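S.K.: Dropping the structure in here first, questions after.
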Amino acid sequence: MRRLGKEETRVFQIKGISKEYITGDLRQKALDEVSFSLRDNEFVAVLGPSGSGKTTLLNIIGGLDRYDSGDLIIDGISTRQYSDRDWDSYRNHSIGFVFQNYNLIGHQTVLANVELALTISGISREDRKARAEQALKDVGLGEHLYKKPNQLSGGQMQRVAIARALVNNPRVLLADEPTGALDSETGLAVMELLKQVAEDRLVVMVTHNAELAEAYATRIIRLKDGKVKEDSHPFLPAENGQEAPKHKNMGKASMSFLTALSLSADNLRTKKWRTFLTAFAGSIGIIGIALILSLSHGANAYIRRLQKDTMTSYPITIRSQTVDLSSMLQVGRENGQAMRSGEVNHSLDGIYSDTGRFRMASMVSSNIVRNDLSGFKKYLDDPDSPVHRYLGENGIVYSYDTRFSVYSYDPDGVLINTDGSGLYNSSLSTGRNMMMSMMGAGTSGNANFEQLLPGQDDELVSSSVQDNYELLYGSWPSSCEEVVLILDENNEVPAGALFELGYLPEAEYRDYMKNLEEGKPAAVENVSWSYEDFCRKEFFLVPACDFYRREKNGVFADITADGQMPESLLEDALHLKISGVIRPVNEEAARNFLGTFGYT
């Protein structure tokens, strides 16, 4: 038994290392308090039957496996508290591996395989190549630098593996059955090479071939059942004067971003078909996910747009009073069933009065529902009301049914009221009024002017209106005296509305009606305007209050009671200008507004 002298350095100490594998209820002890020390340069062969713990011991020395108890001490540095990063640095700077099946990368050259071991050491490309070439020359493969592994024999591939293990100049070379896949002659050549390597570094080899171990190893350790049974040349370092083992990292392992990128690019380039198939399969998955997300997003957008269009076309309207139509329909159905069944409450022997119409009138009167708008408005104005969670972008809009009249001059200079009251006077028959209604003319109120839905805050026109209508000319209203012309999807305005608004002369309308009354052929010619010409027309808005004057007795009297409109009212009227022309973008939007002009 040798003791450590002054000329020797303590390298590896394995102190009481145990390792146990647990599989369910099965516990198998691979190493049982194994202890021995290794010299700086010697060729150690570890022998033993299968299951004795040889490979486990080699993996623990190489940092590939973790021990359960004990300690592995390298040059006075304890590895008991090592993290994964510490073990990476240890393997990179101190250990070289030679495996039975070579573990070479098939699509790379011999030189690239050896050079790969230096990539995480922070060495430049030029130095890596030079050191890899020298390592291959040292193992006798200087003429095979650019061959692929499948172009080499088994012994040559094992030499490449040894060169790769030595290129980083490790202090320890670990070999796991290095001759197991080789013939006898090639195995001897590999053993000769390992013997040369052991002259200046530590070589630990696991093998089943006792003859090769006896012939080439300088030290043989035999294991059985996880314990050291024999050590042919034990080494016991002196404990006196030695410092206690301490925790310390053995260096830093790192790979530059450019090196990693270059290796990835080389891998993709050398495996074109696999890269293509992987990319193709990945693209199918990505496209599938994108399609699902697109369909989901599109369906949600369509539902939101449909809800928005529906609420724009048919907003929820609450009036001060309304009729309970459901109750009326129910009573109507009951009366109809009674009439069809012939059920009467009197005999058929005389003349009786039918009071059904009076009952219907009473039913209508009794089914008028009056809403408490004052209380409801307080509820809506309360910021804590739950209704605010369900409001759209337009929120709540209040309308107070402010009445006004709009006047204009027709092409003959005649002042007309745009509500059509000058055209549809009492001298016209009901049938002709109905005809004009069919032609698009209003018969009650000013249906030619309709309020545009306002937006949030101070926005005069809601974004939902602007989304549903295309601006063909000009601009949207930006002040109270501006209106927009609302065309239908065919860029048309009803002829009756054109008469009412003064774009067509009143005299032409009266001639048309006279011909109808006399049974003569009557027709209205199609007329067209440019956007600019149509928008030049000016309208005069007169609020209802301007039609009343205070009399001496304090009573307000209607100054148009005689049916005449004093033109002096136009001096103080609001002059309306047409700021733009809009057209619905779809059929749903065409139902939003039925008027000819929209105001804010």
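The values are calculated or read from the model by the stated rules, or taken from the named source; none is laboratory data. Predicted model, so just to flag it, every value in this text is computed and none were measured. All Cβ positions, even for glycine, are placed from backbone atoms using ideal geometry, and neighbour counts span all protein chains on display. To get the accessible areas, we keep the full protein, side chains included, count just its heavy atoms, and leave off ligands, DNA and RNA. Shrake-Rupley method; radii C 1.70, N 1.55, O 1.52, S 1.80 Å.
S.K.: How much FRET efficiency would the formula 1/(1 + (r/R0)^6) give for residue 188 and residue 293, where r is the Cβ-Cβ distance and R0 is 45 Å, rounded to 0.05?
M.R.: It comes to 0.10.
S.K.: To the nearest 0.05, how large is the calculated FRET efficiency for residue 269 and residue 134 if R₀ is 25 Å and r is the Cβ-Cβ distance?
M.R.: In this case the efficiency is close to 0.40.
S.K.: At 7 Å along Cα-to-Cβ for each site, give me the label-to-label distance between residue 84 and residue 319 in nm.
M.R.: 7.4
S.K.: Let me ask something else. For segment 529-600, which GluC sites (Glu not before Pro) are in a loop by DSSP, counting at most 12 other Cβ atoms within 10 Å?
M.R.: The qualifying sites are 551.
S.K.: Also: What distance in nm lies between label points placed 7 Å from Cα along the C-beta direction at residue 564 and residue 514?
M.R.: Simple spin-label model gives 2.3 nm for this pair.
S.K.: Something else: Normalising by the residue count of segment 58-205, find the relative contact order in percent from Cα pairs under 8 Å and 6+ residues apart.
M.R.: 29
S.K.: Turning to a different aspect of this structure: Please compute the contact order of segment 458-600 in relative form: average sequence separation of alpha-carbon pairs under 8 Å and at least six residues apart, divided by the residue count, as a percent.
M.R.: Over segment 458-600, the number comes to 50 percent.
S.K.: Given charges of +1 on the Cβ of Lys and Arg and -1 on the Cβ of Asp and Glu, with all other atoms neutral, how large is the dipole of segment 489-552 about its Cα centre, in debye to the nearest 20?
M.R.: Charge dipole of segment 489-552: 460 debye, to the nearest 20.
S.K.: Just the accessible area for residue 531, please: 1.4 Å probe, Å², rounded to the nearest 10?
M.R.: Here the residue's solvent-accessible area equals roughly 80 Å².
S.K.: Turning to a different aspect of this structure: Around residue 525, under 13 Å between beta carbons, what's the net of Lys plus Arg minus Asp minus Glu among the other residues?
M.R.: Computed value for this residue: -2.
S.K.: If you don't mind, there's one more thing I want to ask. Tell me the label-point distance for the pair residue 236, residue 358, using the 7 Å Cα-to-Cβ offset, in nm and rounded to one decimal.
M.R.: Modelled inter-label distance: 13.4 nm.
S.K.: While we're here: At a probe radius of 1.4 Å, what is the per-residue accessible area of residue 593, in Å² to the nearest 10?
M.R.: Approximately 20 Å² for this residue.
S.K.: Would you kindly state how much longer the chain becomes between residue 125 and residue 467 on full extension, computed as 0.36 nm times their sequence separation minus their alpha carbon distance, in nm to one decimal?
M.R.: Between residue 125 and residue 467, full extension yields 117.0 nm more.
S.K.: Roll a 1.4 Å probe over the protein chains and send me the accessible area per residue for segment 35-98 in Å².
M.R.: For segment 35-98, the solvent-accessible area averages 35 Å² per residue.
S.K.: To continue, here is another question. With a 1.4 Å probe and every protein chain kept in, tell me what percent of the accessible surface of segment 58-164 is carbon plus sulfur.
M.R.: Solvent-exposed carbon and sulfur of segment 58-164 make up 45 percent of the total.
S.K.: Taking the full set of protein chains and a 1.4 angstrom probe, give the accessible area of residue 64 in square angstrom, rounded to the nearest 10.
M.R.: Residue 64 exposes around 90 Å² with every protein chain in place.
S.K.: Cα convex hull of segment 456-508: mean projected area in nm², to one decimal?
M.R.: 5.0
S.K.: Something else: Just to make sure I understand: if all protein chains stay in place, what is the order of 368, 284, 60, 77 by accessible area at 1.4 Å, largest first?
M.R.: So, going from the largest accessible area down, we get 284, 368, 77, 60.
S.K.: Please go through the residue pairs 137/229; 520/577; 378/552; 377/552; 129/272 and name each one whose alpha carbons sit more than 32 Å apart in this structure.
M.R.: 137/229; 520/577; 378/552; 377/552
S.K.: Once phi is turned into ³J(HN,Hα) by the Karplus curve 6.51 cos²θ - 1.76 cosθ + 1.60 with θ = phi - 60°, what whole-Hz value does each residue of segment 292-306 show in order, with x for glycine and proline?
M.R.: Once rounded to whole Hz, the list reads 4, 5, 5, 4, 4, 5, x, 5, 5, 5, 5, 5, 5, 5, 5.
S.K.: Follow-up question, since we're still on this one. Please calculate how many Å² of accessible area segment 472-591 carries per residue, with a 1.4 Å probe and no DNA, RNA or ligand atoms counted.
M.R.: Each residue of segment 472-591 exposes 59 Å² on average to a 1.4 Å probe.
S.K.: Any chance you could run the full-extension gain for residue 546 through residue 527? It's 0.36 nm times the residue separation minus the Cα-Cα distance, nm to one decimal.
M.R.: Full extension from residue 546 to residue 527 adds 3.3 nm.
S.K.: Within straight cross-link reach of residue 227, meaning Cα distance under 17 Å, which aspartates and glutamates are found once same-chain residues fewer than 8 apart are removed?
M.R.: Cα-Cα hits under 17 Å: 20, 32, 33, 68, 71.
S.K.: Tell me, in nm to one decimal, what length is gained between residue 35 and residue 488 on full extension, where the rule is 0.36 nm per residue of separation less the Cα-Cα distance?
M.R.: Full-extension gain reported as 153.3 nm.
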